[in-house]
1. Based on the Cβ-Cβ distance from residue 11 to residue 266, what FRET efficiency comes out when R0 is 41 Å, to the nearest 0.05?
2. Give the distance, in whole Å, between the Cα centre of the stretch 183-232 and the Cα centre of the stretch 155-178.
3. Based only on Cα atoms, what mean projected area does the convex hull of the stretch 11-71 have, in nm²?
4. Under a point spin-label approximation (7 Å from Cα along Cα-to-Cβ), what is the residue 170-residue 71 distance to one decimal in nm?
5. Take residue 232 and residue 4, extend 7 Å from each Cα along the Cα→Cβ direction, and tell me the distance between the two endpoints in nm.
6. Among 132, 271, rank each residue by its count of other Cβ atoms within 10 Å, from fewest to most, as a rough exposure measure.
7. Before anything else, pin down the relative contact order of the chain: Cα pairs under 8 Å, at least 6 apart, normalised by residue count, whole percent.
8. With all distinct Cα pairs included, what does the Kirkwood hydrodynamic radius of the chain come out to in Å, to one decimal, could you say?
């Protein structure tokens, strides 16, 4: 069991239970903490697995009451700290969840080497006297707002990535689309394809990857609809592609919708408002909700 009071961002402390008497450290960590072989191999190489405060190889057998420690020391971060708005809605020893503002990319790229959420995260951590490599668990398009998860250590990143692959993480969005949708709810089950590696735009095409989106009408307006959308798969631009495919492109989305935009919103009206996940270390269910940003609140008022 995890030892309370002996946990931190860079340290996991686990007391061996009676039923695991005689099992190897490797087997215990895989069974009780869902540690991957890749992570354990890395920790072994760095001599960061301790049994009763002594470095051991992970095939060492443990006894009931023994203390296993995993140290996750890391080198300096690779990003320049920048004082950029960073709205934290949840933080614990393993993760930070922020409500990302629109108009900023998550991770530095060739076209956006600075002024990213990664730079903001480094600044935020440094202001608290902390330093962690920035590991994004999910991504949001530059002009999509909402909940973004950052893992503070490789263990948390691995566990949450596994949760994503096993569909244990629920992601819901609020969006405003052009036109009035008649159905109260529905599913869009259409493959999404990227024609070339350099193409930004995606399309529905039989050659693409299986993709499933659920939607529910929250409110109808004269010429638009407010939806709650849930992703059952995680393809790039999935909601934008699927909504355009059924004839209801997202308001403000000039890539998949009409170039003319009668509304003042300057980006696709899409907000990642809900997350359900499990805290990596303790496996406790968490539900996080992020309120609509000001530009979408103003859009909603105008549509009414």
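Values in this text are rule-based calculations from the coordinates and carry no lab data. None of these values were measured; they are calculated from a predicted model. Backbone-built Cβ (ideal geometry, glycine too); neighbour counts: all protein chains shown.
1. Values: r = 45 Å, r/R0 = 1.09.
After rounding, the FRET efficiency stands at 0.40.
2. 16
3. Working: hull surface 13.4 nm².
About 3.3 nm², averaged over all directions.
4. 4.1
5. 4.1
6. Details: 132 20, 271 25.
Ordered from fewest to most neighbouring Cβ atoms within 10 Å, 132, 271 come out as 132, 271.
7. Values: 627 pairs, mean separation 42.9, N = 304.
Contact order relative to length: 14 percent.
8. Values: mean 1/r = 0.0468 Å⁻¹.
Answer for the chain: a Kirkwood hydrodynamic radius of 21.4 Å.
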